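Enquirer: The structure's right below; bear with me while I get my questions together.
All of the numbers you see were taken from the coordinates with simple rules; none came from a lab. Keep in mind that this is a model prediction, so the values were computed, not measured. When we count neighbours, we look across all protein chains shown, and the Cβ atoms used for this are built from the backbone with ideal geometry, even at glycine.
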């Protein structure tokens, strides 16, 4: 099972990464905090202090087109906010 789907790189999380040593990831919806912690430690080689998770429900979306009203919804997803110990850092841009 693939736990970490992608890192979240926003202005807010970049600032939190610098000041609070906290990073965000989009994770598998069925993953728990212990699995997320183990996946981050294995993938990036860092020590994780804390993991906070948030489940997002998909929003209903609709739009008007020539064919009429189209309805649907965005996908559900789960975010994990990981706080690292000490001087550990994650550099998402190192492989570019």
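Enquirer: Considering only residues that are surrounded by fewer than 16 Cβ atoms within 10 Å (Cβ to Cβ) and either farther than 13 Å from residue 77 by Cα or touching a helix residue (DSSP H, G or I) at 6+ places or on another chain (Cβ under 7 Å) (or both), which ones fall in the range 21-37?
Expert: 32, 33, 34 - these are the residues of the range 21-37 that are surrounded by fewer than 16 Cβ atoms within 10 Å (Cβ to Cβ) and either farther than 13 Å from residue 77 by Cα or touching a helix residue (DSSP H, G or I) at 6+ places or on another chain (Cβ under 7 Å) (or both).
Enquirer: State yes or no: is residue 89 within 20 Å of residue 10 (Cβ to Cβ), out of contact with any helix residue (DSSP H, G or I) (no Cβ under 7 Å at 6 or more places or on another chain) and surrounded by 11 or more Cβ atoms within 10 Å (Cβ to Cβ)?
Expert: Working: within 20 Å of residue 10 (Cβ to Cβ): yes; out of contact with any helix residue (DSSP H, G or I) (no Cβ under 7 Å at 6 or more places or on another chain): yes; surrounded by 11 or more Cβ atoms within 10 Å (Cβ to Cβ): yes.
Yes.
Enquirer: Only one residue in 48, 54, 40, 82 is touching a helix residue (DSSP H, G or I) at 6+ places or on another chain (Cβ under 6 Å), surrounded by 10 or more Cβ atoms within 10 Å (Cβ to Cβ), closer than 18 Å to residue 9 by Cβ and touching a residue at least 12 places away in the same chain (Cβ under 8 Å), so which one is that?
Expert: Details: 48 fails: closer than 18 Å to residue 9 by Cβ; 54 fails: touching a helix residue (DSSP H, G or I) at 6+ places or on another chain (Cβ under 6 Å); 40 fails: touching a helix residue (DSSP H, G or I) at 6+ places or on another chain (Cβ under 6 Å).
Only one candidate passes the filter, namely 82.
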